[in-house]
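The values are calculated or read from the model by the stated rules, or taken from the named source; none is laboratory data. On a predicted model such as this, the values are computed, not experimentally measured, just so you know. Cβ placement follows ideal geometry from the backbone for every residue including glycine, while neighbour counts extend to all protein chains displayed. Surface areas here come from the heavy atoms of the whole protein model, side chains and all, with no ligands, DNA or RNA. Shrake-Rupley method; radii C 1.70, N 1.55, O 1.52, S 1.80 Å.
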Amino acid sequence: MHLIFHFYLLFCWYLQLVKDNGGLKRFVALITDQPPPEEDNKKGDKKAGSRAGKKSAKDGKGKKEDDAKEDAPVGGDSIIPTLPDVKMCAAKAIARSARSAENRKLLHEQEAEKMLIQLLTNDSPDVQASAALALAVISENLSSRDSIKEWDGLPPLVKLLTSDNGDVKEAATLALANLTTGSSINCV
């Protein structure tokens with residue numbers, strides 16, 4: 001529980017940075033194991049937001065190895081996967097911060113729904129439940145409901161209803177209830 005609260009505080013601080021610098025896309029890239037957004041790489045910050053670049057800088061490895069990492073193709077091989085606990089805490093922090101209408105709007109503007117939809121297919125039931133719960137909360141924003149439908153977020157939620165894990169089923173049910181209440185377009 002302490003880790004979740006700490007992550008929530010970190011996420012609230014991060015939301016402030018988003019307002020100032022538009023950094024949520026980097027956070028989303030980190031949590032979903034994707035390369036950082038292209039626009040950031042074009043600014044000359046080669047691998048500044050990627051864990052692979054930070055790790056090599058911390059380890060003090062030679063320039064040749066750093067250059068090889070920068071020249072590596074962008075994709076799954078150049079990204080270090082984020083631990084399921086980090087993904088779960090990130091989704092819970094998003095759910096907690098999305099209780100505020102202002103934050104829901106900000107999260108929607110940064111397309112946080114895409115990350116949460118992607119987390120629905122994670123192997124960890126804890127990550128799935130946390131992502132579904134976050135979608136349930138964020139879907140109080142009507143624009144988010146439309147985006148979740150547009151980005152095919154409903155089929156993974158429906159699939160989670162067959163999970164053996166009760167928390168996953170409960171979170172998916174709540175998300176689907178919130179997405180379909182007052183919105184016949186989202187009814188499957």
Exercise for the section: Considering only region 56-109, state which residues are open to solvent by less than 50 Å² (accessible area, probe 1.4 Å) and at pLDDT below 85. Expected result: Ser56, Gly62, Asp66, Ala72, Gly75, Ser78, Ile79, Thr82
Fill in the blank from the handout: Within region 99-124, the count of residues that are touching a residue at least 40 places away in the same chain (Cβ under 8 Å) and acidic (Asp, Glu) comes to 2
